[in-house]
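J.: This is the structure, below, for whatever I ask next.
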Amino acid sequence: MNNTKQKIILELEKKEFPDLNFLFSEEVLDIALEVLNDFLEEEKKKFQEKLKIKDENINFETFEDDSKLDFFWSLLNHLLNVNNSEKIREIVKKIEPKITEFSNEIAYSKRFFEMLKYCKKNCKLDKEQEKIIDDAIKNYKIRWIDLDEKKQEELKKINLEFSKLGTNFSNNVLDSEKEFEYFLEDDKYLKEFPKSDLENARNLYKEKIGQTHRSAPTKENISHVGVNLCVHPDNWYAFDASASSYSAIMKYCNNSKIRKHFSQAHSSFASSWKYDNREIVLKIIKLKNKKAKILWYKNYAELSLEFKMAESPKQVLDLLEDLSKKAKPKALKEIEEIKNYFWLKKLNSWDLAYYSRKLKQEKYKFDDKKLKEFFEFENTKKILFDTVKKLYWVELIPLSKPFPPMKKGALNNIEVYEVYKDNKFISYFIWDYFYSENKRSGAWADELRSKFKGRKNIIVNVTNFVKPKKWPLLLSLGEVESLFHEFGHALHWMLSKSKYSELSGFWVEWDFVELPSQLMEKWVSDEKTIKNVAKHYKTWEKLDDELFNAFKSLQYYWTWNFILSQNILAIIDMMFFSGIEFKNTTDLHKKFLEKVNSLSIFKKDENYKMYCSFGHIFDWAYSAWYYSYMWADIIVEEIWAEFKKNWIFDTKTSKNFYQKILWAWSIKKASEMFEDFMWRKINIDNFLKARWLK
Ligand SMILES: [Zn+2]
């Protein structure tokens, strides 16, 4: 066997943390396709052998799998997301259909289904094993294992299509974002910029011009590059599609036209020309609804809700529409306040972030630049780690030698930790912090390696902070919340009591998934906590009274507009998967705009095609699921009130939350866990009261 392949196998089979420097190296990528093919063949053989097992020899272990294919495949998928390249795309493109084909084979294997049923009836199973087998049987039933062959073939084809479409969708978004760049000569429009953002923009310019050896942009056309003109780089600033470039422009750039340009660009990524997702979106919607119909559901939304707390699409829509109705008058008042304060006749959607930031600064004396100084990156990490230690006795220890230091490239910015709970080693944790143009935007958490017979899982958190040339890195409150949010997901994975990954973390009912993450944000964003945790990066002082009082008075600022815009996304998501017929992309766009404009305070024009980069629902699994953010918010409000009743670090409450919810998920339903914790059912009134909607 090839030496490299042998080493790959060794690393994948290791109980300890694998050598990612090696697994992500060119040497490995060169033969990755071949290795994946070999693994796949082995898996296929293993599966055929399994099917031959006689009934009397079936036990739970028959269904347990520690697949090198799964682990290697998840690593390469991770690489596709964080360090996208032609090479990795080619590998995924070639192997993905084969892997999907194999999962189709398992999904419609009658013998395997019979084996599961036999096991359920005859094997000695503990409660967790029983749940895993039950879920597997339920999945077979949902897939209608007894469908006739023609329909099964159709479903298999649809699944195959999905995998291709999803990858094409996200590649298009990434490529289209990569092409977006914006240049400004001098800082005329950037006078209100925070120093760090200005610095980033200047560095980005130098990088872009330096790296590509291109000529500087012309003065006349600030958004176009390519004409020869020698300009001194110190006067130029560049912006790209990163969230931090976007937010800096929208909040601090004093030119409305530029803000408009950014806003339109951001809502039309991957919607035209080379990277056009419109047909892909249409196909995904059609196929998902078609799949649902083959399986006897009215539409995809109904199928999606099979695995969730919410009972029906109608229940979800009623909730969202009711919340929006209540929030709208208050949202309008928020907008009126801005217009009145700045004597504006008209307020455009692209001016909102700019003016609301200014209003906070001028009327409420709240300066978010100042708040950033209280969230220096290293110290914020420490705040987070201290918080989880206080709450759950969870400790993170950087992985020590013999693990080699991470090299440049994909691993340049990652940190690896061993995670301990009550001094017991429970998981490995990777943090991948910094933005690169080859990285998918946003922030997320994932499990790269699952638990298996005592081997610890590997959880990863990914964020997109812009790494400064000169430290310190100061984070905005939004970025800090995102850091806490993703770590909440990580905790959910790591703290589960189950020895099975299938019964940990995300595999709870899917609309409960955002609960631990959104709750975690409270330890940094709530007025009660910010005063305790935030410390100035130079003086180590806490927030002074003026800044704190301003923060406090703005705690629920923009809440109602936020509810409205979140609900619009969730309602649009539900609409796409409700079975409505879309004749073509034009028809889809028309219906989308009609719906958005019937709900939104700000009318959107023809160019508004945000669905072309709505990765949540077209690439990730959040189709007919986006509502879960609002859903979780309602539950979070209840749980947070419980923490606040005593003290936010009250050990009795945190222990209770850990025992009844974080740790407890494996065989219970989400609603049961909530009732165990609160001794009552969820009551939306508490959320409404907290947001002044009742
Ligand atoms: Zn989340």
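J.: Could you point to the residue in Ser349, Met309, Ile285 farthest towards the positive end of the range 226-364's charge dipole, with +1 and -1 charges on the Cβ of Lys/Arg and Asp/Glu respectively?
T.: Ile285
J.: Pairs Lys382/Lys470; Lys52/Lys131; Lys330/Lys389: which are spaced more than 27 Å apart, C-alpha to C-alpha?
T.: Details: Lys382/Lys470 20 Å; Lys52/Lys131 24 Å; Lys330/Lys389 39 Å.
Exceeds cut-off: Lys330/Lys389.
J.: For the peptides 422-429, 381-388, what is the packing order when you average, over each peptide's residues, the other Cβ atoms within 10 Å and list the highest mean first? Walk me through the numbers before you get to the answer.
T.: Working: 422-429: 15.8, 381-388: 18.0.
Going by the mean number of other Cβ atoms within 10 Å, highest first, we get 381-388, 422-429.
J.: Continuing with this model, one more query. Mean separation of Cα pairs under 8 Å and 6+ residues apart, divided by the residue count of the chain: what relative contact order is that in percent? Write down the numbers at each step before the final one.
T.: Values: 936 pairs, mean separation 105.7, N = 694.
RCO, the chain: 15 percent.
J.: Under 5 Å between amide hydrogens, which residues at least 5 positions from Trp236 or on another chain qualify, with H placed 1.01 Å from N in the peptide plane?
T.: Correct list: Asp186.
J.: Using the alpha-carbon atoms, what tilt in degrees (0 to 90, nearest 10) does helix 352-362 show relative to the longest principal axis of the chain?
T.: 60 degrees
J.: Another one. Quick check on my link table: of Lys283/Lys590; Lys381/Lys542; Lys46/Lys124, which ones sit more than 19 Å apart, alpha carbon to alpha carbon? Could the numbers behind the result be given before it?
T.: On the way: Lys283/Lys590 16 Å; Lys381/Lys542 17 Å; Lys46/Lys124 24 Å.
With Cα atoms farther than 19 Å apart: Lys46/Lys124.
J.: Ok, one more. Rounded to the nearest 500 deg cm²/dmol, what is the calculated helix-only ellipticity per residue at 222 nm for the chain, with -39500 (n - 2.57) per DSSP H run of length n ≥ 4?
T.: Working: 28 runs with 385 residues, N = 694.
After summing the helix terms and dividing by residue count, I get -18000 deg cm²/dmol.
J.: Going by alpha carbons, how many degrees (0 to 90, nearest 10) lie between the helix axis of 26-51 and the longest principal axis of the chain?
T.: 40 degrees
J.: Would you mind calculating the gained length between Lys54 and Ile580 on full extension (0.36 nm times residue separation, minus the Cα-Cα distance), in nm to one decimal? Provide the component values of the computation, followed by the final result.
T.: Numbers: separation 526, 0.36 × 526 = 189.36 nm, distance 4.72 nm.
So the extension gain works out to 184.6 nm.
J.: Tell me, what ³J(HN,Hα) does each residue in the range 607-619 have, in order and in whole Hz, if you take phi through Karplus 6.51 cos²θ - 1.76 cosθ + 1.60 with θ = phi - 60° and put x for Gly and Pro?
T.: With the stated coefficients, the range 607-619 comes to 6, 6, 10, 4, 5, 5, 10, 7, x, 3, 9, 9, 10 Hz.
J.: Given the Cα-Cα distance of Asp587 and Lys669 and 0.36 nm per residue of separation, how much length would full extension add, in nm? Display every interim value, and only then the final one.
T.: Details: separation 82, 0.36 × 82 = 29.52 nm, distance 4.02 nm.
Going from the current span to full extension adds 25.5 nm.
J.: Hey, how many Å between the Cα centroid of the range 33-81 and the Cα centroid of the range 677-694?
T.: Centre-to-centre (Cα) distance: 45 Å.
J.: Moving on. Which value, in Å², gives the accessible area per residue of the chain when a 1.4 Å probe is used on the protein heavy atoms?
T.: Details: 32000 Å² over 694 residues.
Per-residue value: 46 Å².
J.: What is the spin-label model distance, in nm, from Asn348 to Ser67 if the labels are put 7 Å beyond Cα along the C-beta direction?
T.: About 5.1 nm, to one decimal.
J.: Still on this structure, I have one more. Could you let me know the centre-to-centre spacing of the range 480-514 and the range 567-596, using Cα atoms, in angstrom?
T.: 31 Å
J.: I'd like the Karplus ³J(HN,Hα) series for the range 530-539: coefficients 6.51, -1.76, 1.60, θ = phi - 60°, whole numbers in Hz, and an x wherever there's a Gly or Pro.
T.: 4, 5, 6, 9, 6, 9, 5, 5, 9, 9
J.: For a protection proxy built on the mean count of beta-carbon atoms within 10 angstrom, sort 674-687, 507-520 highest first, please. Walk me through the intermediate numbers first.
T.: Details: 674-687: 14.8, 507-520: 23.1.
Per-residue Cβ counts within 10 Å, averaged per peptide and sorted highest first, yield 507-520, 674-687.
J.: Using DSSP to define loop residues, name the trypsin sites (Lys or Arg not before Pro) in the range 68-140 whose beta-carbon has at most 11 other beta-carbon atoms within 10 Å. List each step's numbers first, then the result.
T.: Numbers: sites: Lys68, Lys87, Arg89, Lys93, Lys94, Lys98, Lys110, Arg111, Lys117, Lys120, Lys121, Lys124, Lys127, Lys131, Lys138; in loops: Lys124.
Sparse-neighbourhood loop trypsin sites (Lys or Arg not before Pro): Lys124.
J.: Using only the Cα atoms of the chain, build the gyration tensor, take square roots of its eigenvalues as a ≥ b ≥ c, and label the shape rounded, prolate or oblate: rounded if a/c is under 1.5, else prolate if a/b is larger than b/c, else oblate. Provide the component values of the computation, followed by the final result.
T.: Details: a/c = 1.41, a/b = 1.33, b/c = 1.06.
Rounded is the answer for the chain, as its axis ratio a/c remains below 1.5.
J.: With a cap of 16 neighbouring Cβ atoms within 10 Å, and only residues DSSP puts in a loop, list the trypsin sites (Lys or Arg not before Pro) found in the range 621-661.
T.: Working: sites: Lys644, Lys645, Lys652, Lys655, Lys660; in loops: none.
Listed in order of number, the matching sites amount to none.
J.: Rounding to the nearest 10 and keeping the result within 0 to 90°, find how far the Cα-based axis of helix 127-142 lies from the longest principal axis of the chain.
T.: Its long axis makes an angle of about 80 degrees.
J.: Mind jotting down the three principal axis lengths of the range 480-605 based on Cα atoms? Whole angstrom, largest first.
T.: Principal-axis extents of the range 480-605 (Cα, largest first): 61, 47, 21 Å.
J.: How much of the accessible area of the chain, in percent, comes from carbon and sulfur atoms when a 1.4 Å probe is used? Show your work: numbers first, answer last.
T.: On the way: 16460 of 32000 Å².
Whole-percent figure for carbon plus sulfur exposure: 51.
J.: So if I place +1 on the C-beta of Lys and Arg and -1 on the C-beta of Asp and Glu, and nothing else carries charge, what would the dipole magnitude of the chain be about its Cα centre? I want it in debye, nearest 20. Can you show the working numbers first?
T.: On the way: 119 positive and 108 negative charges, 227 e Å.
Computed about the Cα centre, the dipole is about 1080 debye.
J.: Post the alpha-carbon centroid distance, the range 94-151 to the range 423-446, in whole angstrom.
T.: 31 Å
J.: As a quick test, which of the pairs Lys531/Lys652; Lys50/Lys117; Lys117/Lys298; Lys535/Lys694 have an alpha carbon distance above 24 angstrom in this structure? Can you show the working numbers first?
T.: Values: Lys531/Lys652 22 Å; Lys50/Lys117 15 Å; Lys117/Lys298 28 Å; Lys535/Lys694 35 Å.
As for pairs spanning more than 24 Å Cα to Cα, those are Lys117/Lys298; Lys535/Lys694.
The values are calculated or read from the model by the stated rules, or taken from the named source; none is laboratory data. In this text, all values refer to a predicted model and were calculated from it rather than measured experimentally. We place every Cβ from the backbone using ideal geometry, glycine too, and count neighbours over all the protein chains shown. Surface areas here come from the heavy atoms of the whole protein model, side chains and all, with no ligands, DNA or RNA. Shrake-Rupley method; radii C 1.70, N 1.55, O 1.52, S 1.80 Å.
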